[in-house]
Structure formats: structure tokens, C-alpha cells
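Working notes, structure below.
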Amino acid sequence: MATSATSKLLVSDFDSSVSHIPSNYVRPILDRPNLSEVESSGDSIPLIDLWELHGPNRIDIVQQLAIACSTYGFFQIKNHGVPDTTIDKILTVSREFFHQPESERVKHYSADPTKTTRVSTSFNIGADKILNWRDFLRLHCFPIEDFIEEWPTSPSSFREATAEYATGVRALVLRLLEAISESLGLESDHISNILGKHAQHMAFNYYPPCPEPELTYGLPGHKDPTVITVLLQDQVSGLQVFKDDKWVAVNPIPNTFIVNVGDQMQVISNDKYKSVLHRAVVNTENERLSIPTFYFPSTDAVIGPAHELINEQDSLAVYRTFPFVEYWDKFWNRSLATASCLDAFKASTT
Ligand code: OGA
Ligand code: NI
């Protein structure tokens, strides 16, 4: 018998007191992780060394990005320029954040996905019918000065560590967007230019140990709404990517980031680059932390396939051009689902 729903707002405030997950976390049989059928990543997710991105071998790295974005939609990067100390600090401060007493964490609680700093649980607690074994802190972090006064002040180094990390990752994202623009045969500033004033959000995902990980998800299969996502994970496995009809575990490599193509990149590239399904599973033994940086257009930006990638003969526009805010509203009006949010943005074929 599954335990019934609890009155706690966050999973981390009841996980250690249950031996069965509450019934509202239990997935139907056909929608469970089947963990024994998941493949181990081995070398199937490309690992790209960015060391030479600004040297004479730039063209090689750009070519590796083209292959990774078109065939996998996911890749790992090393020598990415974000200092190890910056990464250590953000992992430490986020672990400290989630280890604080309930009263400190729930101060920031909100079920409203439009809030620019908030703690919540599951994915979209107002829309999820089955809940997910995840708590999170999500915040906007560009421009930093517009949001930093909303961020938590406890632990005391939280704002400083987060500002340093967000700044470092943004510089990395801008380098990646230039190289990815070139990999599509576009001017190197093409992608950056159409993102308007740009937007950057971070999530601090906290996945407590789970007594029945076969019955539930940390996050169910989904595609990211971003241009690109840059994920930092701790040393506990949990991320899985859907590749060739199988779920593949992306096991952590210290000091690397995992980058994935998001829905906006799929639109800009006119389907050359694919936003790929991925999910997070939980385990009985260890808590897990992951820190995705979500890079977006600003809400006033207008997104559409790059004109250079469209021609009358063999490459019609797959998507219409749309105000990003239209996509954004659609994304947050739903629960996390494997169905792509992009179907509503297809170009009409008549
Ligand atoms: C996400 C996500 C994966 C992870 O937050 O969108 O896919 O490993 N996270 O936490
Ligand atoms: Ni994701």
C-alpha cells in the first residue's frame, strides 16, 4: 500500500520518515523508469574539449559541436573556462541551502511559476497530476543586479557564490552561442542578436533519497524550453538522455558540464539541431544535486528559423516566427510532458 499524501510542502521534509512513497508520487505501470533497461553512457555522449576554441583549431571544435548538436542534442564539455573553485563554491552553497531547517527553506516557497526567485517542488505543482521527487530553488540571474536582492541571504555566501557562478557560466554560454552559430553556417553573432536582451535562469535541483525509485521520477522525460542548457551535476548519477529509442545514463565526470540543445535552438536552426528528451531518476542511497543554467531569449524577443537556413527548394521553414512570450506562456501552463511544446509553433503547410 502506498502511503497517502503528506502535509509537507517539500519532499526533503518527509522523505526520511516514509518507507513507501505517497500515492500521488506513484507513476502508472507504463510510465515508470524501468531502471534495469537503462544503458550506461560509456562514450556515447560526446565530450568536447573547449581548450582550442580560440586557437588555430577553432574550426575543428566548431565541427565537433555541429556533429554533437545534430546527432545527439547533448554533449559534455571540459576546459570550459569556469574555474574549479567557482564550481566547488556553488555546489557547497547549494548543499548548505537544502540542508537548512525547513523554516529557512520554506520562506522562499511559491507555487507561482512566474515568480523570479522561488523554492518549490515537483515541476509545476499547480499543474502536475503526479508529483516528482524533487525540490528546487529557481532564480533569474541576468542581469544580476535586477534580481540579486530577491535571492536567499542564507547561507551567508549564497549571493556571492551564485553571482560568481552565473557570471562565469554566462561568459561560457556566449562563447558557445558564437561557436554554435558558426557551426550552422551563420554569422557568429546571429544567435546572440536574436535573443533580445537575453535571459538567464538557474535551478538548484535537490533530489532526496527515495525509498521506491522504480515507481517515480526526479523529473519525467521532457525537452528544455531554452536556447541551450548548461548543467552541473554532483557525483551522483541520475540524468538520462533518450537516444536511439533507449534511455542512456549520463554519469558524472568531475569539472565537466553537460550542454543540451533546447527548443529555441531547434527553432532557430530549423530542426538541424534537436532538443532531446531527458529525465532525472532518483535512488535509495544518496541525495543528488544538479544545477542547470537555462539560457533564454528575453520575453520581448521574436524567435524563428534563421533566414539563411531556409530556401525555396529543399529547406522550407519548419516553424513560424513567434514572440518568445507566446512559447513561454504555453510552457508554464502545463505539466512537464514528453510531448513537445513546439507543435503549436509549426509553420502552416498550406
Ligand atoms: C532540468 C533537468 C536534469 C538533472 O532541470 O531541466 O533536466 O539531472 N535536470 O537534474
Ligand atoms: Ni531539462
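The values are calculated or read from the model by the stated rules, or taken from the named source; none is laboratory data. Note that this is a predicted model, so its numbers are computed, not measured. Note that we place each Cβ from the backbone using ideal geometry, even for glycine, and neighbour counts take in every protein chain shown. The area values use the complete protein model at the heavy-atom level, side chains included, leaving out ligands, DNA and RNA. Shrake-Rupley method; radii C 1.70, N 1.55, O 1.52, S 1.80 Å.
Near LYS129, which aspartates and glutamates are there with a Cα under 14 Å away, not counting those fewer than 8 places off in the same chain?
Cα-Cα hits under 14 Å: ASP31.
Taking Cα pairs under 8 Å and at least six residues apart, what relative contact order does region 278-336 come out at, in percent?
Relative contact order comes out at 32 percent.
Compute from the Cα atoms of region 111-257 the Rg and the Dmax, the latter being the longest Cα-Cα distance, and quote both in angstrom.
Over region 111-257's Cα set, Rg and Dmax evaluate to 17.1, 51 Å.
Starting from the Cα gyration tensor of region 109-188, multiply each eigenvalue by 5, take the square root, and state the resulting semi-axes largest first in whole Å.
29, 20, 11
Would you work out if region 56-153 is rounded, prolate or oblate? Take a ≥ b ≥ c from the square roots of the eigenvalues of the alpha-carbon gyration tensor; rounded if a/c is under 1.5, else prolate when a/b is larger than b/c, oblate otherwise. Walk me through the intermediate numbers first.
Details: a/c = 2.33, a/b = 1.68, b/c = 1.39.
Judged from the Cα gyration tensor, region 56-153 comes out prolate (a/c at least 1.5, a/b above b/c).
Between THR153 and LYS346, how high is the FRET efficiency from 1/(1 + (r/R0)^6) when r is the Cβ-Cβ distance and R₀ = 51 Å? Nearest 0.05.
For R0 = 51 Å, the calculated efficiency reads 0.70.
I want the local charge near ASP88. Using Cβ-Cβ distances under 15 Å, sum +1 for each Lys or Arg and -1 for each Asp or Glu among the other residues.
Working: positive: LYS89, ARG95; negative: ASP84, GLU96, GLU160, GLU164, ASP234.
Within the 15 Å Cβ shell, the charges total -3.
Which distance in Å, rounded to a whole number, links the C-alpha centroids of region 125-161 and region 43-98?
After rounding, the separation between the Cα centres reads 23 Å.
How much FRET efficiency would the formula 1/(1 + (r/R0)^6) give for TRP51 and THR85, where r is the Cβ-Cβ distance and R0 is 25 Å, rounded to 0.05?
Values: r = 19 Å, r/R0 = 0.75.
My answer for the efficiency is 0.85.
I need to check one value: relative contact order of region 212-269, counting alpha carbon pairs closer than 8 Å and at least 6 residues apart, in percent.
Relative contact order comes out at 43 percent.
Hey, with R₀ at 22 Å, roughly what FRET efficiency would GLN235 and ARG27 work out to, going by the Cβ-Cβ distance, to 0.05? Before the final figure, lay out the partial values.
On the way: r = 27 Å, r/R0 = 1.21.
The calculated FRET efficiency here is 0.25.
Rg and Dmax in Å for region 1-123, alpha carbons only: what are they?
According to the Cα coordinates of region 1-123, Rg and Dmax are 20.9, 63 Å.
What is the mean projected area of the alpha carbon convex hull for the chain, to one decimal in square nanometres?
That works out to 17.8 nm², a quarter of the Cα hull's surface.
Express the accessible area of the chain per residue in Å², computed with a 1.4 Å probe while the remaining protein chains stay in the model.
43 Å²
Any chance you could list the semi-axes, whole Å, largest first, of the equivalent ellipsoid that the Cα gyration tensor gives for region 31-100, using √(5λ)? Let's see the in-between values first.
Values: eigenvalues 158, 115, 15 Å².
In descending order, the three semi-axes are 28, 24, 9 Å.
Heavy atoms only, probe 1.4 Å: what % of the accessible area of the chain goes to carbon and sulfur, would you let me know?
Using a 1.4 Å probe with all protein chains present, the chain comes out at 51 percent carbon and sulfur.
Compute the acute angle (0 to 90°) between the alpha-carbon long axis of helix 84-98 and the principal axis of greatest extent of the alpha-carbon atoms of the chain; round to the nearest 10°.
Tilt relative to the chain: about 40 degrees.
Once the Cα gyration tensor of region 202-350 is found, what semi-axes does its equivalent ellipsoid get, as square roots of 5 times the eigenvalues, in whole Å, sorted largest first?
32, 15, 15
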